[in-house]
1. Under the Karplus relation 6.51 cos²θ - 1.76 cosθ + 1.60, θ = phi - 60°, what is the ordered set of whole-Hz ³J(HN,Hα) values for the range 154-159, x standing for Gly and Pro?
2. Suppose we look only past 21 Å in the calculated P(r) of the chain. What percent of the Cα-Cα pairs does that tail hold?
3. Report, ordered by chain and residue number, the aspartates and glutamates lying within cross-link reach of K10, taken as a straight Cα distance under 14 Å and ignoring same-chain residues fewer than 8 apart.
4. Between rounded, prolate and oblate, where does the range 94-196 land on the alpha carbon gyration tensor, with a ≥ b ≥ c its root eigenvalues, rounded for a/c under 1.5, else prolate if a/b exceeds b/c?
5. Leaving ligands and nucleic acids out of the surface, order R187, R153 by accessible area at 1.4 Å, largest first.
6. Antiparallel as a % of all DSSP beta bridges within the range 41-155, to the nearest 5?
7. Would you be so kind as to identify all helices of the chain, as entire DSSP H runs, whose Cα atoms reach 18 Å or more along the helix's own axis and whose mean Kyte-Doolittle hydropathy is at least -1.0?
8. For a 25 Å ceiling on Cα separation, which of these pairs sit above it: K69/K104; K34/K114; K9/K105; K114/K185; K34/K102?
Amino acid sequence: MKEVFFDIKKYSHVEGEDIDVSFIPMMTRRKLDKFGRAALCTLYKVYDEGTEPQLVFASEYGDVERVEKLINQRIEEGEVSPSGFSSSVHNAVIGLFSLLEKNKKGYNSISAGKETISAGLLDSILYDEAIFCYAENLNGIKSLSVSVKQNPRGEYKLSENNSQYSSDEYKDLIDFLNGETDIFKSRIYQIQRITK
């Protein structure tokens, strides 16, 4: 694997249900559930207004609560709400963010099992400039967003990993971003903080 040097411009994470999204227009805010609120909250905390980065969204299960409601609605009523369905697809939140910010760069939506975070983060690092967002609402609401930019003299180095890797990517990545560890390891790569 070729080494890539980059900077982490900003990061944000939230957990739990009390998430402030008062900055989002009311008509849009009313359509959001907890999953969408968490993702948009962290996205906007790392987004620099007026920029147009590549967007990468990742979730292992997607919006489980919304999908469960649709399944129950189908069983009980024989049909599903079209607006409920359109809000349940895997890329709904990142699509909404790109619409709100008129970002025409495009976005990727990734689900890779237990390696969803590392796959999404890798995808974002390989762009010149990107925002990575991870959200989950199975076993509690959580979201993490990271703004990255490639830089030959960057403070972080992406390289191949040949040793033990993370068992809890979410916790390990937050510990790394908070400076509690110097290396984040996934199954195929590692990110190392470069001390100068």
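The values are calculated or read from the model by the stated rules, or taken from the named source; none is laboratory data. Computed from a prediction, not measured in an experiment: that's the story for all the values here. Glycine also receives a Cβ, built like all others from the backbone with ideal geometry; neighbour counts cover every protein chain displayed. Accessible surface areas use protein heavy atoms only, side chains included; no ligands, DNA or RNA. Shrake-Rupley method; radii C 1.70, N 1.55, O 1.52, S 1.80 Å.
1. Running phi through 6.51 cos²θ - 1.76 cosθ + 1.60 with θ = phi - 60° gives x, 7, 10, 10, 9, 8 Hz.
2. 51
3. Cα-Cα hits under 14 Å: D48, E49, E129, E155.
4. Oblate.
5. Sorted descending by solvent-accessible area, the residues read R153, R187.
6. 45
7. The qualifying helices are 34-46, 64-77.
8. K69/K104
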